[in-house]
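Just so you know, all these numbers are worked out from the coordinates, no wet-lab data involved. Keep in mind that what you see is a predicted model, and the values were worked out from it rather than measured. Cβ atoms come from the backbone with ideal geometry, glycine included; neighbour counts cover every protein chain shown.
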Amino acid sequence: MVFQLLPQTEPLELRGGAVGPLVPFTVPIEATGMFLRVIALWRDNLPLVGRAPTFELKSGCDGRLTAVDAGRGKIEIPGADGEIAALAEVDRLPGDSYLIALAGLEERTGPWHLRITNNDAETLRFTCVASYSEEMTRQPWMALECATAVHDGLLALHSDTPETAIKVRNLGTAPLIINDPPGSRLGSDGSPVVLLRRPAPIAPHHADELVVECGQVHYTDRFSHTFDTNDVHRPHTTLLFEVLPRSLRYDMHEEWAFCRACGRCPDYVAPPVGVGGPCAACGHRAAHHSDVPPDHRNV
């Protein structure tokens, strides 16, 4: 891959005035220049545009951390041997983005590390994309958040659920584009889950919603769907679903009984001994109902 996402799993969250950890990044041996694009995230749809963070760079295991602030021009980054490993410069861009450029890289000056200090009073989350190509530092980051209750990381949908919203955030440095067409089934051609609406391209900092509906479900099933987007990191774009049959005895005015899997189901009736199978009310396995409270209510 010609770019690196830093950190790899989730944005780096720093409270106001906090100093972050050393974050390693790889500089190819043949590279003569390197770029790091950093975005400071605050609230959905709203960048803070506050005080610029301080960036520090380190070359080599025994190199010295050197501060590189926006607008200070080119700064010499010493290597472990005291020689100049590179010249670094930071430009502040619109939307709380920053471009760090390393020029005149010497061979075998690694490992390289970046450290960020949040100089603002507000808590911020930082995402960084590193590449020897400035253009490749523009990458989206799709973050999916289910608006309904989730069990074990699964989006649980009951049979004949009309609409369910899934929040989508862009934590990256480029617009996020979702290509799945409305009306397509998620997971497989036989899936009961259908995409109703998808958002327009989502700019960095911004959030929107995917809307899905669940058709008739005859048995409990679990599956995943990877959305077709311009975010190349598959874990970012994959969502796990659990679909559950709706009991024919379901009544909106009934009290829910207790299920350890979903925390709610109509009065549970265990299958005969040896038969097994899912609960007819909520679709979860009988084992999930082994701790039913005496009053059969969700407590």
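Tabulated data for the structure shown
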| quantity | calculated |
| --- | --- |
| Dipole axis of segment 3-137 (+1 Lys, Arg; -1 Asp, Glu on Cβ), positive-most option in GLY17, PHE35, VAL90 | GLY17 |
| FRET efficiency for THR117 and GLU163, using Cβ-Cβ distance with R0 set to 41 Å, rounded to 0.05 | 0.40 |
| Sequence-distant residues sharing a close amide H with ASN230 (under 5 Å, placed H) | ILE177 |
| Ranked list, fewest to most other Cβ atoms within 10 Å of each Cβ, for LYS58, LYS74 | LYS74, LYS58 |
| Residues MET34, MET136 arranged by fewest to most Cβ contacts within 10 Å | MET136, MET34 |
| Estimated FRET transfer efficiency when R0 is 41 angstrom, pair ARG92-ARG234 (beta carbons, to 0.05) | 0.80 |
| Computed lengthening from ARG125 to GLU83, 0.36 nm per intervening residue step minus Cα-Cα distance | 11.8 nm |
| Label-point gap, in nm, between ASN45 and LEU65 - each point 7 angstrom along Cα→Cβ | 3.8 nm |
